[in-house]
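A.B. asks: One structure is given below, represented as C-alpha cells, and several questions about it will come after.
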Amino acid sequence: MAEPEKTAKLEIGGKSYELPVFTPSAGPDVIDIRKLYAQAGVFTYDPGFTSTASCDSTITYIDGGKGELLHRGYPIDQLAEKSHYLEVCYLLLYGELPSAAQLEDFESRVTNHTMLHEQMHFLFRGFRRDAHPMAIMVGVVGALSAFYHDSTDINDPWQREVASIRMIAKMPTIAAMAYKYTIGQPFVYPRNDVDYASNFLRMCFAVPAEDYEVNPILSRAMDRIFTLHADHEQNASTSTVRLASSSGANPFACIAAGIACLWGPAHGGANQACLEMLREIGSVDRIPEFIARAKDKDDPFRLMGFGHRVYKNFDPRAKVMKQSADEVLDLLGVEDNPTLQVAKELEKQALADPYFSEKKLFPNVDFYSGIILEAMGFPTSMFTPIFALSRTVGWISQWKEMIADPQLKIGRPRQLYQGETFRDYVDMENR
C-alpha cells in the first residue's frame, strides 16, 4: 500500500486528531481510521459498511455513477464481447490477460479437474429429493474439504493454487448434479472435449438414453452469463468470503460461506424475483396495469430487474446480456411461453416510457439473464446456483488476494451497544 499523501482533521471533545488519507487509483479518497480507537477512544458507526473500505484490492472497480465495471482495468462490456469466461477467470486470478500458451495451459488444468470424487455421489443422495439446489451446493462445496485434504493449507501457495483450480472446475459439475438430483435424473459426467459453458449445459440437459448437442448460441449466452457475473467488487457474498477467510478457514469452507450469503433474495435471487414478477403479470394485456402500479408511490409493487443499487445510470453488463437474450429468443422463440412474451413487451413499454428513463430505471443484467435462463429451460430454483457458479472465480480471486496480504487480520467489526449495562444476577426465588 502506498504512503498517504494527505491527512484529515477530526475534532472530538476539543481534541484534534490527524487521520491519514489514501488516494486510490480510481474512486474517492479513503480516510484511514485504524488507529482512531487507540488514539481517541471512539469507533465509527456504519451499518451495512456502505461507507467503509474493508480492504485494498486490485481486482475489480465499480463506478456506479458512470455505469462502469472494470476487471483489472478492462471494461466488462469489452470482456463479455471479445473474451470468454475462462480467459476472464485467468485475468481475475493472475492480473493480466493470458498469452495463447498460458490460456491453453489454464484451460487444460481446469478441464482436468472437473470430475468429483466418486464417493461424493453418496453425499448428494443424503438430501431430500425436493431439496433446493442452493442447499445442496452449500453442503457439497463445504464438504469438498473432507475429500481434498491436499489443498486446504492456506499457508502453502501451491495448495492455494490447486484449491482455486479445483473449485472453478468442479462448480459446474456440482451445480449440474444438484439440478439433476432434484429432478430425479441420473448424473451426467463432464467431458474434456467440450468448452466450459457447453459442458455445463450438457451436464444439465443431457440424458444417457440419447445424444445431446449444445447449440453454440446457447453456449455463448451461457458463457456471457458466467462472464458478466464473475466478480462485483466487495458485495455481501464476497465480503462474507473475506470475513470467513480472515479466520484462517480452509478455502472450500470460505466459498461455501459465500454461497450461503448469495442465497439471500436481496443478493443472488434478483433474477429469480424478476421471473416471478413476470409470472405475476401473467399476460401482455396486463402490463399497463403493472406499469401504473410501479409509478404509484403508495403501491408496494416494484418492477424487478429494472435499475440497480450500485449503478445510478445504467448497468454496463445489461447491453451485452440484452444482445444474448435477443439471440436466444430468436433461436427458441417466445410464442409458446407467456412469461417470455410478457418480458419482451414489458421491456419495450418500459424503455419507451419517460418515467423510467428519467429515473434511470433501465433493464439490468438480472432482467436479461432471467429471460435467457427461462428460455433455456432452467427452473427458477437454478438461477441462484448458476450465479454462484459464475461468481466462484471472483470469490477465489478475492480470497487469494486477501491471504497474500501482509496486512491480513481476522475480521472483527465493532458495535454501537444499546443494551442494558451491568446488572447483578437475581436468584430464581427473587424474580
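A.B. asks: When you check PHE124 against the structure, is it surrounded by 14 or more Cβ atoms within 10 Å (Cβ to Cβ), more than 30 Å from LEU70 (Cβ to Cβ) and of a type in the set (Phe, Trp, Tyr), yes or no?
C.D. replies: Details: surrounded by 14 or more Cβ atoms within 10 Å (Cβ to Cβ): yes; more than 30 Å from LEU70 (Cβ to Cβ): yes; of a type in the set (Phe, Trp, Tyr): yes.
In short, yes.
A.B. asks: Next question, about the same structure. Going by what's in this entry, would ARG286 be described as over 21 Å from GLY394 (Cβ atoms), open to solvent by 20 Å² or more (accessible area, probe 1.4 Å), part of a helix (DSSP H, G or I) and in contact with a Phe, Trp or Tyr (Cβ under 8 Å, 6 or more places away or on another chain)?
C.D. replies: Details: over 21 Å from GLY394 (Cβ atoms): yes; open to solvent by 20 Å² or more (accessible area, probe 1.4 Å): yes; part of a helix (DSSP H, G or I): yes; in contact with a Phe, Trp or Tyr (Cβ under 8 Å, 6 or more places away or on another chain): no.
Here the answer is no, as ARG286 does not meet what is asked.
A.B. asks: Test GLY333 against the criterion of being at pLDDT 90 or above and open to solvent by less than 50 Å² (accessible area, probe 1.4 Å), and give yes or no.
C.D. replies: Criteria not met by GLY333.
A.B. asks: Right, something else. Would you check which residues across region 297-325 are among the acidic types (Asp, Glu) and surrounded by 15 or more Cβ atoms within 10 Å (Cβ to Cβ) and list them? Working first, answer last.
C.D. replies: Looking only at region 297-325, we keep the residues that are among the acidic types (Asp, Glu), and these are 298-299, 315.
ASP315 - this is the single residue of region 297-325 that is among the acidic types (Asp, Glu) and surrounded by 15 or more Cβ atoms within 10 Å (Cβ to Cβ).
A.B. asks: Still on this model: Only one of these conditions is not met by ASP77: (1) in a strand (DSSP E or B); (2) in contact (Cβ under 8 Å) with a residue 24 or more places away in the chain. Which number is it?
C.D. replies: (1)
A.B. asks: When the residues of region 222-241 are filtered to those that are assigned to a helix (DSSP H, G or I) and in contact with a His (Cβ under 8 Å, 6 or more places away or on another chain), which remaining residue is most open to solvent (accessible area, probe 1.4 Å)?
C.D. replies: My answer is ALA236.
A.B. asks: Mind listing whichever residues of region 35-69 are exposed (fewer than 11 other Cβ atoms within 10 Å of the Cβ), over 26 Å from the mean Cα position of the chain (by Cα) and assigned to a loop (DSSP other than H, G, I, E, B)?
C.D. replies: Result: GLY41, TYR45.
A.B. asks: So, in region 411-431, of the ones that are at pLDDT 95 or above and of a type in the set (A, V, I, L, M), which residue ends up least open to solvent (accessible area, probe 1.4 Å)?
C.D. replies: So the residue we want is VAL426.
A.B. asks: Inside region 145-165, can you point out the residues that are in contact with a Lys or Arg (Cβ under 7 Å, 6 or more places away or on another chain), open to solvent by less than 30 Å² (accessible area, probe 1.4 Å) and in contact (Cβ under 8 Å) with a residue 60 or more places away in the chain?
C.D. replies: Of region 145-165, the ones in contact with a Lys or Arg (Cβ under 7 Å, 6 or more places away or on another chain) are 148, 151, 154, 160, 164-165.
From what's left, open to solvent by less than 30 Å² (accessible area, probe 1.4 Å): 148, 151, 154, 164-165.
Correct list: TYR148, SER151, ILE154, SER164.
A.B. asks: Only one residue in ALA266, ALA256, ALA270 is in contact with a Gly (Cβ under 9 Å, 6 or more places away or on another chain) and under 20 Å from THR380 (Cα atoms), so which one is that? Reasoning before the result, please.
C.D. replies: Values: ALA266 fails: in contact with a Gly (Cβ under 9 Å, 6 or more places away or on another chain); ALA256 fails: under 20 Å from THR380 (Cα atoms).
On inspection, the qualifying residue turns out to be ALA270.
The values are calculated or read from the model by the stated rules, or taken from the named source; none is laboratory data. Computed from a prediction, not measured in an experiment: that's the story for all the values here. Ideal geometry is used to build each Cβ from the backbone, glycine not excepted, and the neighbour counts take in all protein chains shown. These area figures cover heavy atoms from the full protein model, side chains too; ligands, DNA and RNA do not enter into them. Shrake-Rupley method; radii C 1.70, N 1.55, O 1.52, S 1.80 Å.
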